Amino acid sequence: MDGFIVHDLAPGVTVRVTGAMPALPEAVDEAVERLWRAACERVEAGGAGRMFNGRVFSIDRIEPDRIEGHLTEYRRVVAQMEDHRLFPLLGIRSLATCGVLRCVGGVAIGRRPAAAVYQPGMWQLAPAGSVDAGAVGADGFVDLAGQLLRELDEELGIGATDVSIPIPLCLIEHPGSHVSDCGMVLETDLDAAAVTAAHRARGDREYGELKIVAERDLPAFVAQAGDLLVPPAREFLFRLGLLDQGLSPPAGP
């Protein structure tokens, strides 16, 4: 998995808005708008819902104990996903939370819709989603745990009282798109049947299919999924001792 960057994080890492969204040259803004409109039309035509140009967090600086950045338009994020050559012009490293939900019976893994704008049809650990302006407090600090718990409620229909407090594992920066996934582990006493039932009854359309994979079966699932499993999942599972190898290079002698 060449090009992925693994950033170690402290358990108490802080995230804060410290800058402002930069203005774009007219030609760049026009290119962003064209890509955004095309992506919106494709997603809506595929039945994956409508996209909203809200504000999401983009990383400007990252250290183990703190992440600093600014809020940017989601349309800029989508444009850079669509055309990686825009990164030198946009410089967006959008931050997302990605949960490793461990329940009685295994780990939750969902499959993204085929019409999704990002990683269509791929398996990923659930829940997951971009860190948006709703997670930013009046002091500029971002509530990472709160963002992930909102994703848990929206995507899987499981409330915050049913899980442990999310704990950061590490951050994986994707090559090309520069989406940066912050892996966070959370545990629940719910069993596999209860998790899948909650998803069917109250979850949104983020995942067309949700599996609870027994921890002993994870290596076989990862091998079978192959390139259809988003690469950061391997590192997050590795950090929890559930896989023998992740994205990080093996330690030297």
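The values are calculated or read from the model by the stated rules, or taken from the named source; none is laboratory data. Because the structure is a prediction, the values reported are computed rather than measured. Reconstructed Cβ throughout: ideal geometry from the backbone, glycine too, with neighbour counts over all protein chains shown.
Taking the condition of being more than 22 Å from VAL78 (Cβ to Cβ) and either in contact (Cβ under 8 Å) with a residue 60 or more places away in the chain or surrounded by 16 or more Cβ atoms within 10 Å (Cβ to Cβ) (or both), how many residues in region 147-159 meet it?
Residues in region 147-159 being more than 22 Å from VAL78 (Cβ to Cβ) and either in contact (Cβ under 8 Å) with a residue 60 or more places away in the chain or surrounded by 16 or more Cβ atoms within 10 Å (Cβ to Cβ) (or both): 6 in total.
So that you can scan it fast, the table gives a plain yes or no per residue for (1) in a helix (DSSP H, G or I); (2) among the hydrophobic types (A, V, I, L, M, F, W, C); (3) modelled with pLDDT of 95 or more:
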position: ALA48; (1), (2), (3): no, yes, no
position: VAL56; (1), (2), (3): no, yes, yes
position: ILE62; (1), (2), (3): no, yes, yes
position: LEU89; (1), (2), (3): yes, yes, yes
position: ALA114; (1), (2), (3): no, yes, no
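Do you know which residues across region 83-108 are touching a Ser or Thr at 6+ places or on another chain (Cβ under 9 Å) and charged (D, E, K, R)?
Correct list: ARG93, ARG102.
For the structure I just gave you, tell me whether LEU186 is more than 18 Å from ALA233 (Cα to Cα) and touching a Pro at 6+ places or on another chain (Cβ under 8 Å).
Criteria not met by LEU186.
Of the residues ILE172, ILE167, only one is out of contact with any Leu (no Cβ under 6 Å at 6 or more places or on another chain), of a type in the set (Val, Ile, Thr) and surrounded by fewer than 17 Cβ atoms within 10 Å (Cβ to Cβ); which?
Selected residue: ILE167, the only one of ILE172, ILE167 that is out of contact with any Leu (no Cβ under 6 Å at 6 or more places or on another chain), of a type in the set (Val, Ile, Thr) and surrounded by fewer than 17 Cβ atoms within 10 Å (Cβ to Cβ).
Suppose we keep only residues that are over 17 Å from MET122 (Cα atoms) and not in a helix (DSSP H, G or I) within region 208-240. Which one would you say is nearest to the chain's Cα centre (by Cα)?
Ranking the candidates gives LEU240 first.
Being out of contact with any Ser or Thr (no Cβ under 7 Å at 6 or more places or on another chain) and of a type in the set (Gly, Ala, Ser) narrows it down to one residue among GLY69, GLY12; which is it? Reasoning before the result, please.
Details: GLY69 fails: out of contact with any Ser or Thr (no Cβ under 7 Å at 6 or more places or on another chain).
That would be GLY12, the only listed residue that is out of contact with any Ser or Thr (no Cβ under 7 Å at 6 or more places or on another chain) and of a type in the set (Gly, Ala, Ser).
Scan region 120-146 for residues that are modelled with pLDDT under 95 and surrounded by fewer than 17 Cβ atoms within 10 Å (Cβ to Cβ) and jot them down.
PRO120, GLY121, listed by residue number.
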